[in-house]
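Chemist: Dropping the structure in here first, questions after.
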Amino acid sequence: MKRLMKVKALLIKRVYYFSMLVLLFLTSCASSKKMTSTIKQYDVETMGVGVDGTYLIKVTDYFKTTDESVYLDGLKRDAIHSVIYQGIPAGNGSVNQPALLNNDTGLEGSEEALNVFFEQKQYLNFINNVVNSSKNIVKIQGSKDYKISVTLSVNKDALRKYLIDNNIIKPLNFLF
């Protein structure tokens, strides 16, 4: 009888540990391709304000490769993500630029539409150019990662128009 109780207790412990292991595995390995304002970690620095509604910004992020097609696409995505969700900080003679999407300007369903926008790489249409001389690649000591920076020109006015036309944000006249 005691032996049966010990086996039963051992079995319960194993089932408990196995279910915790499965739960841990599922939560840690769950991959989400959704671009929200909380999952991206990058740095943005203002390099100046361009002509006709463009931002000149330096974007820094970490990558596991120095393949130019991979990191340039990632940095372009980060730049557009920053303009939409975080805004552009003040610096180099320019003032702080607020995010295009916030609690006041966002429309219902905007998050799903923006996920499609990023998944289909439509953000590439709003990067005017990359300043090739600005590329900076630094190997992180003791890591397999690289810290990569590049300066990009983002067409903020065209991006705003796209977001308004696709009912992601409200037009500027919603206040009136």
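The values are calculated or read from the model by the stated rules, or taken from the named source; none is laboratory data. A quick note: this is a predicted structure, and the numbers were derived from the prediction, not measured. Quick reminder, even Gly has a Cβ in these numbers, built from the backbone with ideal geometry, and neighbours come from all protein chains shown. Please note that ligands, DNA and RNA were not included when accessible areas were found on the heavy atoms of the full protein model with its side chains. Shrake-Rupley method; radii C 1.70, N 1.55, O 1.52, S 1.80 Å.
Chemist: Looking only at region 42-65, which residues are at pLDDT below 90 and open to solvent by 50 Å² or more (accessible area, probe 1.4 Å)?
Modeler: Selection gives Met47, Val49, Val51, Asp52.
Chemist: Quick one: count up the residues across region 134-176 that are hydrophobic (A, V, I, L, M, F, W, C), in a strand (DSSP E or B) and touching a residue at least 24 places away in the same chain (Cβ under 8 Å).
Modeler: Of the residues in that region, 6 qualify.
Chemist: When Lys135 is evaluated against the numbered criteria (1) in contact with a strand residue (DSSP E or B) (Cβ under 9 Å, 6 or more places away or on another chain); (2) surrounded by fewer than 15 Cβ atoms within 10 Å (Cβ to Cβ), which criterion, by number, is the only one it fails?
Modeler: Single failed check for Lys135: (2).
Chemist: Tell me, yes or no, whether region 105-117 has at least one residue that is buried (at least 19 other Cβ atoms within 10 Å of the Cβ) and modelled with pLDDT of 90 or more.
Modeler: So far as region 105-117 goes, yes, one or more of its residues are buried (at least 19 other Cβ atoms within 10 Å of the Cβ) and modelled with pLDDT of 90 or more.
Chemist: Name the one entry in Ala30, Ala99 that is modelled with pLDDT of 70 or more and of a type outside the set (S, T, N, Q).
Modeler: Ala99
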